[in-house]
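Undergrad: Have a look at the structure that comes next, please.
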Amino acid sequence: MLQQFTWQQFLVATLVLTIVWYIGVILIYYPKQLKALLNRKSTADEEDHPLDHKWDKNVDVLSDDDEPELMGKSKLPEGMSKVSIDEVSFVSDDEKEERLGVVSDVLEEIKIIFGILAKEDGNKHDFLNLISAIRENYPGIASNPNLHRINEFIIDHASFHITTKELEDIWY
């Protein structure tokens, strides 16, 4: 069946159908622009004039300081802050062991104890009972060279008065 058509007939038919298609699209979707084109009027303003310039009297000029920002100043994501380069430091291997060692584990457990005491309205006696469990879990903590850090943390965060002697008695 396709052998009955020549290439010339095929191209003419394609051209005619394409023209009909575009005329239909223009008539359906762009009737106003077509009328304006046929009437030799543009759809824009009657007068074509350039935009006002800074040097014209009708233009308000904003100084760079007074220019409002469209969306306001940018805000850093929560938990992020800008620091200067001298505030940035890295941990040495010795400090890393110290921070990841037994002392940090004990401090985390003490924080949990202080949270329990705050919820239950605990006192010094309750603290001493709870801290004894930590002493049993970490038997070598009494000989740790950083025990003073733990004691300082307890003194700073305890809601009751505790003496240095009482702290020493806790660990031995």
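Undergrad: Each residue of the stretch 143-159 in order: what ³J(HN,Hα) in whole Hz does its phi give by Karplus 6.51 cos²θ - 1.76 cosθ + 1.60, θ = phi - 60°, with x for Gly and Pro?
TA: Result, rounded to whole Hz: 9, 5, x, 9, 4, 4, 5, 5, 5, 5, 4, 5, 5, 5, 10, 6, 8.
Undergrad: Just grab the label-to-label distance for THR18 and ALA142, each label 7 Å out from Cα along the Cβ direction, in nm (one decimal).
TA: Calculated label separation equals 9.7 nm.
Undergrad: Go through SER132, SER84 and list them by solvent-accessible area, largest first, probe radius 1.4 Å.
TA: SER84, SER132
Undergrad: A follow-up question, please. May I ask you to rank TRP21, TRP171, TRP7 by accessible area, largest first, using a 1.4 Å probe over the protein chains only?
TA: Greatest to least solvent exposure: TRP7, TRP21, TRP171.
The values are calculated or read from the model by the stated rules, or taken from the named source; none is laboratory data. Note that the structure is a prediction, hence the values are computed from the model and not measured. Don't worry about glycine lacking a Cβ; one is built from the backbone with ideal geometry, like all the others, and counts go over all protein chains shown. Please note that ligands, DNA and RNA were not included when accessible areas were found on the heavy atoms of the full protein model with its side chains. Shrake-Rupley method; radii C 1.70, N 1.55, O 1.52, S 1.80 Å.
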